[in-house]
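The values are calculated or read from the model by the stated rules, or taken from the named source; none is laboratory data. Please read these numbers as outputs of a predicted model, since none were measured by experiment. Note that we place each Cβ from the backbone using ideal geometry, even for glycine, and neighbour counts take in every protein chain shown. With ligands, DNA and RNA removed, areas are computed over all heavy atoms of the protein, side chains included. Shrake-Rupley method; radii C 1.70, N 1.55, O 1.52, S 1.80 Å.
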Amino acid sequence: MPTVSVKRDLLYQALGRTYTDEEFDELCFEFGLELDEITSEREIISREKGDVKADGASDVILFKIDVPANRYDLLCLEGLVRGLQVFKERIEAPRYKRITPDDKQLQRLFITEETSLVRPHAVAAVLRNITFTQERYESFIDLQDKLHQNVCRRRTLVAIGTHDLDTISGPFIYTAKPPSEIRFKPLNQSKEYSAPEVMELYRTDSHLKHFLHIIEDKPVYPVIYDSNGILLSMPPIINGDHTKITLNTRNVFIECTATDLTKAKIVLDILVTMFSEYCDEPFTVEAAEVIYPDGRTCIYPELSYRKESIHAEKINGNIGISETPSRLANLLTRMCLKSEVLEDGKQIEIEIPPTRADIIHACDIVEDAAVAFGFNKIPKVIPKTYTIANQLPLNKLTELLRQDLAAAGFTEALTFALCSTDDIADKLGVPVSSTKAVHIANPKTAEFQVSRTTLIPGLLKTIAANRKMPLPLKLFEISDVVLKDSSRDVGARNHRHLCAVYYNKNPGFEVIHGLLDRIMQLLAVCPGGENGYHIKAAQDPAFFPGRCAEILAGGRSIGKLGVLHPDVITKFDLTLPCSALEITVEPFL
């Protein structure tokens with residue numbers, strides 16, 4: 001859940017009254033939010049960096065409020081106050097209006113074909129005659145950052161650019177150029193840089209370095225110019241310094257470039273609806289025209305309202321309450337969903353505003369009605385159907401095996417489900433292409449690049465971290481591994497594996513072999529025979545030649561056991577021999 005930080009006094013001023021901390025906590029709970037923390041800038045810095053760094057920091061009280069991830073309209077002070085005021089029925093939800101100026105005044109954004117190589121979509125709008133204060137300006141910037149982290153997926157789907165319209169002149173051109181042909185002065189910089197120099201400049205920037213990977217490998221970089229050739233921005237990295245917004249800015253040109261047009265429309269709608277409140281004509285937004293390479297034109301922002309109808313009994317039935325249709329309509333209106341009862345007296349018509357992109361299905365409407373009614377007020381009832389919960393068979397088998405493996409003298413370990421490619425490939429002597437590993441698209445650390453395909457590396461790393469413990473070290477784990485599977489709708493499948501290792505001054509193969517016999521005894525699988533189990537010699541790069549066996553049960557291979565290869569031991573920073581066993585337990589269900 002995103003966390004919104006707001007100044008307490010500023011919030012109370014906007015709400016028109018003050019609350020005790022307990023009262024405001026209760027108000028947040030009623031509205032479906034959570035007051036996570038009451039703190040200050042000084043306290044935050046002191047906690048994170050020490051008291052010395054906190055000297056001179058502000059003592060202004062901050063509320064940190066957890067907001068549902070789908071409520072983009074509550075990610076700033078303006079939306080939060082508006083939502084709470086409507087919820088308490090102090091104001092009515094505003095009606096947002098799009099104004100399209102005459103042809104000469106209409107701002108236009110032309111998209112060229114080159115953008116299809118990197119970021120093909122763009123939308124735009126204008127906030128005309130807006131008045132900024134320091135608090136409003138900070139909230140404006142903070143909302144953009146919250147949207148970038150949330151619906152924009154760290155700028156990969158959408159990147160927002162806001163510009164002082166009075167410093168530039170339309171029409172604007174959204175195009176893409178080779179990096180060497182781009183030069184401009186980035187925001188808050190004192191000189192011009194080429195695009196490659198800009199990328200290098202921000203490679204160590206704590207904020208912007210996380211977005212460089214989005215375009216740095218592309219043959220062209222997206223850029224937006226005005227009619228005089230002034231560069232507005234190089235999305236999704238940074239705006240130009242020429243168009244930066246100040247407290248004196250009166251007209252704001254907003255552009256959102258995107259790989260997902262639907263998300264771009266949502267972001268633009270949220271941004272303009274939240275801050276059109278400060279325009280001379282509140283809650284009005286000036287439209288802009290976007291012209292696509294094929295000549296098609298679109299007017300943005302859409303600010304579209306739509307209506308949905310739902311039966312009152314469906315709402316009551318799904319929540320478990322018995323409210324009248326008029327009462328339900330009132331509850332939904334308090335959630336910024338203007339509602340009224342239709343002539344039949346049973347159906348409710350709900351108007352979905354442009355700020356509520358989270359309302360996709362009837363269940364979303366029912367959820368809002370439940371929030372407004374109060375989850376803690378819903379009566380508790382005994383279910384009409386008599387059912388008995390049952391443990392998943394695979395988990396039940398896992399629990400039984402855990403108990404007996406522990407009784408056999410082995411200690412259970414729980415290791416990370418993610419690991420590096422080296423752990424499952426190079427260190428085990430196999431190419432990564434043969435592992436069927438599921439790779440993480442954008443790993444944050446080299447330790448977590450893929451989902452594990454075997455449990456052995458995790459146990460060996462656990463032993464390496466506990467080498468000072470008395471010998472022998474006998475560890476086991478029963479957990480899932482993940483392998484690619486094209487027959488599954490998600491392209492991968494979990495497999496429940498059992499793995500055990502024995503680490504001592506001698507390999508202890510007989511110990512691991514004895515553990516296998518005990519496991520099979522517990523699973524009621526007899527040695528030998530067509531339906532029993534047996535082992536046969538096998539070769540595996542992870543095991544010592546001639547000291548590896550394949551385990552077969554019921555005519556199928558279920559795993560391997562043996563003495564690990566010295567190279568494997570060394571690569572995991574171990575010095576003593578080690579035996580290992582790994583089987584899949586799912587065939588025994």
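Being surrounded by fewer than 19 Cβ atoms within 10 Å (Cβ to Cβ), without any contact (Cβ under 8 Å) to a residue 24 or more places away in the chain and under 15 Å from residue 585 (Cβ atoms) is a property that residue 518 lacks.
Checking the conditions here, which among 537, 524, 492 is surrounded by 14 or more Cβ atoms within 10 Å (Cβ to Cβ) and small (Gly, Ala, Ser)?
Checking each option against the conditions leaves just 492.
In segment 324-331 there is no residue matching the filter, namely being within 30 Å of residue 287 (Cβ to Cβ) and crowded, with 19+ Cβ neighbours inside 10 Å. Restricting attention to segment 312-323 and to residues that are more than 30 Å from the chain's Cα centre (by Cα) and open to solvent by 70 Å² or more (accessible area, probe 1.4 Å), the residue that is farthest from residue 123 (Cα to Cα) turns out to be 322.
Quick check: anything in segment 430-445 free of Cβ contacts under 8 Å to residues at least 60 places away in the same chain, under 17 Å from residue 499 (Cα atoms) and open to solvent by less than 60 Å² (accessible area, probe 1.4 Å)? Taking every residue of segment 430-445 in turn, none turns out to be free of Cβ contacts under 8 Å to residues at least 60 places away in the same chain, under 17 Å from residue 499 (Cα atoms) and open to solvent by less than 60 Å² (accessible area, probe 1.4 Å).
Scan segment 548-563 and tell me whether some residue there is open to solvent by 40 Å² or more (accessible area, probe 1.4 Å) and either in contact with a Cys (Cβ under 8 Å, 6 or more places away or on another chain) or part of a helix (DSSP H, G or I) (or both). Yes: one or more hits. Scanning segment 99-116 for residues that are surrounded by 13 or more Cβ atoms within 10 Å (Cβ to Cβ) and either among the aliphatic types (A, V, I, L, M) or touching a Ser or Thr at 6+ places or on another chain (Cβ under 9 Å) (or both) turns up 106, 108, 109, 110, 111, 112, 114, 115. Hey, does segment 267-290 have a residue that's acidic (Asp, Glu), outside any helix (DSSP H, G or I), open to solvent by 20 Å² or more (accessible area, probe 1.4 Å) and over 29 Å from residue 167 (Cβ atoms)? Taking every residue of segment 267-290 in turn, none turns out to be acidic (Asp, Glu), outside any helix (DSSP H, G or I), open to solvent by 20 Å² or more (accessible area, probe 1.4 Å) and over 29 Å from residue 167 (Cβ atoms). When residues of segment 223-240 are filtered for being more than 25 Å from the chain's Cα centre (by Cα) and open to solvent by less than 20 Å² (accessible area, probe 1.4 Å), how many remain? Counting residues in segment 223-240 that are more than 25 Å from the chain's Cα centre (by Cα) and open to solvent by less than 20 Å² (accessible area, probe 1.4 Å) gives 7.
Against the criterion of being farther than 15 Å from residue 93 by Cβ, open to solvent by 20 Å² or more (accessible area, probe 1.4 Å) and not in a strand (DSSP E or B), residue 343 qualifies. Just one of the numbered conditions (1) touching a Phe, Trp or Tyr at 6+ places or on another chain (Cβ under 8 Å); (2) under 25 Å from residue 132 (Cα atoms); (3) open to solvent by 20 Å² or more (accessible area, probe 1.4 Å); (4) among the polar types (S, T, N, Q) is not true of residue 167: (1).
Scanning segment 177-216 for residues that are aromatic (Phe, Trp, Tyr), in contact with a Lys or Arg (Cβ under 8 Å, 6 or more places away or on another chain) and touching a residue at least 12 places away in the same chain (Cβ under 8 Å) yields 202, 211.
Within segment 250-263, identify whether any single residue is among the basic types (Lys, Arg), touching an Asp or Glu at 6+ places or on another chain (Cβ under 7 Å) and open to solvent by 30 Å² or more (accessible area, probe 1.4 Å), and answer yes or no.
Checked against the condition, which is being among the basic types (Lys, Arg), touching an Asp or Glu at 6+ places or on another chain (Cβ under 7 Å) and open to solvent by 30 Å² or more (accessible area, probe 1.4 Å), segment 250-263 yields at least one hit.
Look through 586, 582, 550 and report the one residue that is touching a His at 6+ places or on another chain (Cβ under 7 Å) and over 28 Å from residue 471 (Cβ atoms).
Working: 582 fails: over 28 Å from residue 471 (Cβ atoms); 550 fails: touching a His at 6+ places or on another chain (Cβ under 7 Å).
Within the list 586, 582, 550, the selection yields 586.
Can you tell me which of (1) exposed (fewer than 12 other Cβ atoms within 10 Å of the Cβ); (2) of a type in the set (Phe, Trp, Tyr); (3) touching a residue at least 24 places away in the same chain (Cβ under 8 Å) is the one residue 386 doesn't meet? So the condition that residue 386 fails would be (3). With a requirement of 2 or more residues that are closer than 30 Å to residue 297 by Cα and touching a Lys or Arg at 6+ places or on another chain (Cβ under 9 Å), none of the helices (runs of 4 or more DSSP H) lying completely within segment 1-106 satisfies it.
Restricting attention to segment 182-208 and to residues that are hydroxyl-bearing (Ser, Thr, Tyr) and part of a loop (DSSP other than H, G, I, E, B), the residue that is least open to solvent (accessible area, probe 1.4 Å) turns out to be 202. In segment 273-295 there is at least one residue matching the filter, namely being touching a residue at least 40 places away in the same chain (Cβ under 8 Å), under 19 Å from residue 175 (Cα atoms) and in contact with a helix residue (DSSP H, G or I) (Cβ under 9 Å, 6 or more places away or on another chain).
State whether the residues of segment 135-147 include one that is closer than 21 Å to residue 225 by Cβ and crowded, with 21+ Cβ neighbours inside 10 Å. No: segment 135-147 contains no residue that is closer than 21 Å to residue 225 by Cβ and crowded, with 21+ Cβ neighbours inside 10 Å.
Being open to solvent by 60 Å² or more (accessible area, probe 1.4 Å), in contact (Cβ under 8 Å) with a residue 24 or more places away in the chain and of a type in the set (Lys, Arg) is true of residue 505. Residues in segment 22-46 that are among the small types (Gly, Ala, Ser) and in contact with an Asp or Glu (Cβ under 9 Å, 6 or more places away or on another chain) were compared, and the one that is farthest from residue 373 (Cα to Cα) is 40.
Inside segment 576-589, can you point out the residues that are touching a residue at least 40 places away in the same chain (Cβ under 8 Å) and not in a strand (DSSP E or B)?
Taking segment 576-589 as the starting set, the residues that turn out to be touching a residue at least 40 places away in the same chain (Cβ under 8 Å) are 576-586, 588-589.
If the condition is that a residue be touching a residue at least 40 places away in the same chain (Cβ under 8 Å) and not in a strand (DSSP E or B), then 576, 577, 585, 586, 588, 589 are the ones that fit.
Does residue 394 satisfy being open to solvent by 60 Å² or more (accessible area, probe 1.4 Å), at pLDDT 90 or above, of a type in the set (A, V, I, L, M, F, W, C) and more than 30 Å from residue 34 (Cβ to Cβ)? No, not satisfied.
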